[in-house]
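Participant: Shown below is the structure under consideration.
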């Protein structure tokens, strides 16, 4: 596993390197102290598995740098790791293509959990961002997850949305619900369309305020064939 750590603080780069090493003994970490160095690494090392990016590092110019990295290497997931934990910034980073956002104040255990989730194909959003405020309005969504929208979903689509809200990948959702991965992908596409959402990241944020415990529907009853008199 190859991970690019783009941050201008040497001590924090070392801390992130130790987190990555704890996740995988054979991990290789590349350091970048400026955005120019990070961009060069993305160009020169095409087989990167993950980029950890500080939005405020020299040359990054905030979300502009994130956008440039996503354009240059759209297949490489980018997790923003920043001292800024403002809700608006987090949501804008996700909208710009980040698949995760980690405040530098996050615990080591949280960082490991988040990075494992992203590497498995999921999306990590801080819990307080998901729970706070009107996520859909803040995320500039075209629609809302309200009672009317939720009522259009099938029981299985509600289950998929609930697992999606936890940041799980299609593969993890398939395992949890005993479904084929292509079936999960079909359900995700359908629920995004029904709820007027543009991406799974938007769905994760928007679904954060949904009380799924009140929406769970019982399994359809199995009708047993009538038995004749013995």
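The values are calculated or read from the model by the stated rules, or taken from the named source; none is laboratory data. Note that the coordinates shown come from a computational prediction; the quantities given were computed from them, not determined experimentally. In this analysis, Cβ positions are derived from the backbone assuming ideal geometry, glycine residues included, and neighbour counts consider all displayed protein chains.
Participant: Among the residues in the stretch 86-95, are any without any contact (Cβ under 8 Å) to a residue 40 or more places away in the chain and assigned to a loop (DSSP other than H, G, I, E, B)?
Facilitator: yes
Participant: Also: Within the stretch 62-81, track down each residue that is modelled with pLDDT of 90 or more, under 17 Å from residue 34 (Cβ atoms) and outside any helix (DSSP H, G or I).
Facilitator: 78, 80, 81
Participant: Can you tell which of 178, 199, 169 is surrounded by fewer than 20 Cβ atoms within 10 Å (Cβ to Cβ) and within 17 Å of the chain's Cα centre (by Cα)?
Facilitator: None of the other options fit; the residue is 199.
Participant: Right, something else. So which residues in the stretch 147-167 are modelled with pLDDT of 85 or more and within 16 Å of residue 189 (Cβ to Cβ), if there are any at all?
Facilitator: 152, 153, 154, 156, 157, 158, 159, 160, 161, 163, 164
Participant: Looking at residue 123, is it assigned by TED's automatic domain parsing to the domain that holds residue 19 and at pLDDT below 90?
Facilitator: Yes, satisfied.
Every residue, every condition in (1) buried (at least 21 other Cβ atoms within 10 Å of the Cβ); (2) in contact (Cβ under 8 Å) with a residue 24 or more places away in the chain; (3) within 12 Å of the chain's Cα centre (by Cα), yes or no:
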residue: 38; (1), (2), (3): yes, yes, no
residue: 51; (1), (2), (3): yes, yes, no
residue: 59; (1), (2), (3): no, yes, no
residue: 64; (1), (2), (3): no, no, no
residue: 83; (1), (2), (3): no, yes, no
residue: 97; (1), (2), (3): no, yes, yes
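Participant: Under 6 Å between Cβ atoms, which residue pairs at least 6 apart in sequence (or on different chains) link something in the stretch 148-163 that is within 14 Å of residue 211 (Cβ to Cβ) with a partner that is crowded, with 19+ Cβ neighbours inside 10 Å?
Facilitator: Taking only residues 6 or more apart or on different chains, the pairs are 161/191; 161/207.
Participant: Those residues that are closer than 16 Å to residue 106 by Cα, part of a helix (DSSP H, G or I) and touching a strand residue (DSSP E or B) at 6+ places or on another chain (Cβ under 7 Å), I need them from the stretch 8-55; list them, please.
Facilitator: 13, 16, 17, 20
Participant: If you don't mind, another one. Is it true that some residue in the stretch 103-111 is in contact with a strand residue (DSSP E or B) (Cβ under 8 Å, 6 or more places away or on another chain) and surrounded by fewer than 17 Cβ atoms within 10 Å (Cβ to Cβ)?
Facilitator: yes
Participant: Given the conditions (1) outside any helix (DSSP H, G or I); (2) out of contact with any strand residue (DSSP E or B) (no Cβ under 7 Å at 6 or more places or on another chain), which single one is not true for residue 5?
Facilitator: (2)
Participant: Related question: Residue 93 - would you say it is modelled with pLDDT under 95, crowded, with 18+ Cβ neighbours inside 10 Å and assigned by TED's automatic domain parsing to the domain that holds residue 116?
Facilitator: Here the answer is yes, as residue 93 does meet what is asked.
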